[in-house]
1. Picking from HIS46, GLY36, TRP62, whose Cα lies most toward the positive end of the charge dipole for the chain (charges on Cβ: Lys, Arg +1; Asp, Glu -1)?
2. For the chain, take every pair of Cα atoms, bin their distances at 10 Å starting from 0, and report each bin as a whole percent.
3. Could you pull out every whole DSSP H run in the chain that spans at least 15 Å of Cα extent along its own axis and averages 1.6 or higher on the Kyte-Doolittle scale?
4. Using r as the Cβ-Cβ distance of VAL18 and ARG137, and R0 as 22 Å, what FRET efficiency do you calculate, to the nearest 0.05?
5. What net charge is computed for the residues neighbouring GLN119, neighbours being all others with C-beta under 12 Å from the C-beta of GLN119, Lys and Arg scored +1, Asp and Glu -1?
6. Students often forget the sequence filter, so: which lysines lie under 16 Å Cα-Cα from LYS115 once same-chain residues fewer than 8 apart are removed?
7. So which aspartates and glutamates can LYS33 reach, going by Cα to Cα under 20 Å and dropping same-chain residues fewer than 8 places off?
8. Be a star and scan the stretch 51-76 for residues whose amide nitrogen sits under 19 Å from the point 7 Å along the Cα-to-Cβ vector of THR89.
Amino acid sequence: MSDQRRVWQVWLRRGLLVGFGLIFLLSGALKVKDPGLFLMNIRGFHLVPDPYAAWLALALPWLEIFCGLAVLTGWLRKGGLLLLNVCITVFIIAMSTAMARGMDVECGCFGSGMKTTLQVEMALDVALLAMGCWLMRPSR
């Protein structure tokens, strides 16, 4: 592999790591700001009963923040990437079940700031999962 290509891959990887980490840092921060709204979004899926839905609404944003920081800083990066990829997979499953049941629910991925359809959210999550899986690969 040429040196120029290797440099390009290193910079691409760094850029994607920063972008991936910032997405989850922002997502978590927006949910922490209004946990009540996020709780209503979780309840809308009818998958998790109370009080577990409330616990999830309080804990998941902090998990996203800490994992986003891990990806950004490099400290426990692989663990942060793994946990975020697992979370994205669970989000995709939750949205798939909602779509299969014909539900029109708000994802709550970015608080109240992003109004989209479940199909758009699903496409974004699939793209994020692909990025997260690519970033899990060992760098050469």
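Read-outs throughout are calculated quantities, based only on the coordinates presented, and are distinct from any laboratory measurement. Note that the structure is predicted; figures quoted are calculated from it, not measured. Neighbour counts run over all protein chains shown; Cβ positions are idealised from the backbone, glycine included.
1. TRP62
2. Calculated P(r), rounded to whole percents: 12, 40, 32, 12, 4, 1.
3. Answer set is 52-73.
4. 0.85
5. -3
6. Cα-Cα hits under 16 Å: LYS31.
7. Counting by Cα, and skipping residues close in sequence, LYS33 has these aspartates and glutamates nearby: GLU64, GLU106.
8. Only 60, 63-64, 67-68, 71 fall inside the zone, counting backbone N under 19 Å.
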